[in-house]
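Participant: Next up is a structure, given as structure tokens.
The values are calculated or read from the model by the stated rules, or taken from the named source; none is laboratory data. All values reported here derive from a predicted model rather than from experimental measurement. Positions of Cβ are backbone-derived with ideal geometry, glycine not excepted, and every protein chain shown enters the neighbour counts.
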Amino acid sequence: MDHRVFLFNYRSYTPIPLLIAILILAEPTPASLLGGFALALLGEGLRIWAVRHAGGATRTTSGVGAGAVLITHGPFAYVRNPLYLGNFLLSLGLCLMSWAWMPWMLFLFIALFGWQYWSIISLEEEHLQQRFGQAYTEYLRDVPRFLPRLTPFRKQALQVMPLARALKIEKNTLFSFTAVVLAIFLIWMVRSMH
């Protein structure tokens, strides 16, 4: 099996060892809690915005898929991988919140995240190129992978998913995010009492 397929199919579970490590090694401070939470919240907000435009197709775990049309609106008009950029910001924020094993945890996180998502994105790009041809070639040429462009790729007047539905699709990530934030906050409270 291509390692990229494995990483794609299990991308929801691969962060678990890192999350366990940041909780075990956590040494949060008021500054790390505030700054890290703000960054994580920004990442989750970007994810919700992307889900409102991409829908439930973003939650596939049995091979790369694509909808009937290439999504180039909403956050996808600025960056090709807004969900993965959101994951990066959210996870980086949690690492900063915990202030675990700094700065080595950041180096480890960035290296592992980079390897996993470089693999996943290369697989998805191959699939989308085969599926959408010239339309994807233009999108690939004009919209960056991770650093958003300042103007939208193309203006499109499309209906977006209602927020309530997007939140339902995003419920697992929201639950995990909330649980880890609360755990880090509780660690800080317990340590600050001693």
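Participant: Taking segment 75-99, which residues are among the hydrophobic types (A, V, I, L, M, F, W, C) and either surrounded by fewer than 21 Cβ atoms within 10 Å (Cβ to Cβ) or part of a helix (DSSP H, G or I) (or both)?
Facilitator: Of segment 75-99, the ones among the hydrophobic types (A, V, I, L, M, F, W, C) are 76-77, 79, 83, 85, 88-90, 92, 94-97, 99.
Selection gives PHE76, ALA77, LEU83, LEU85, PHE88, LEU89, LEU90, LEU92, LEU94, CYS95, LEU96, MET97.
Participant: Let me ask something additional. Every residue in segment 103-122 that is of a type in the set (A, V, I, L, M), touching a residue at least 40 places away in the same chain (Cβ under 8 Å) and over 20 Å from VAL51 (Cα atoms), please.
Facilitator: The first filter runs over segment 103-122 and keeps only residues of a type in the set (A, V, I, L, M), leaving 105-106, 108, 110-112, 120-121.
From what's left, touching a residue at least 40 places away in the same chain (Cβ under 8 Å): 105, 108, 112, 120-121.
Within segment 103-122, MET105, LEU108, LEU112 meet the criteria.
Participant: Also, quick follow-up: Take ALA179 and decide whether it is out of contact with any Ser or Thr (no Cβ under 7 Å at 6 or more places or on another chain), of a type in the set (A, V, I, L, M) and not in a helix (DSSP H, G or I).
Facilitator: Working: out of contact with any Ser or Thr (no Cβ under 7 Å at 6 or more places or on another chain): yes; of a type in the set (A, V, I, L, M): yes; not in a helix (DSSP H, G or I): no.
Against the criterion (out of contact with any Ser or Thr (no Cβ under 7 Å at 6 or more places or on another chain), of a type in the set (A, V, I, L, M) and not in a helix (DSSP H, G or I)), ALA179 does not qualify.
Participant: Additional query: Could you grab the pairs with beta carbons closer than 6 Å, sequence gap of 6+ or different chains, first residue in segment 11-27 and closer than 14 Å to PHE113 by Cβ, second one among the aliphatic types (A, V, I, L, M) and part of a loop (DSSP other than H, G, I, E, B)?
Facilitator: From residues that are closer than 14 Å to PHE113 by Cβ, the pairs are ILE22/ALA100.
Participant: Please enumerate the residues belonging to segment 1-37 that are exposed (fewer than 14 other Cβ atoms within 10 Å of the Cβ), in a helix (DSSP H, G or I) and among the hydrophobic types (A, V, I, L, M, F, W, C).
Facilitator: Result: PHE6, ILE16, ILE20, ILE24, ALA31, LEU34.
Participant: Give the number of residues within segment 152-178 that are exposed (fewer than 11 other Cβ atoms within 10 Å of the Cβ) and modelled with pLDDT of 90 or more.
Facilitator: Pass one, segment 152-178, residues exposed (fewer than 11 other Cβ atoms within 10 Å of the Cβ): 155, 157-159, 162, 164, 171-172, 175.
With modelled with pLDDT of 90 or more added as a condition, the list becomes 162, 164, 171-172, 175.
Within segment 152-178, residues that are exposed (fewer than 11 other Cβ atoms within 10 Å of the Cβ) and modelled with pLDDT of 90 or more number 5.
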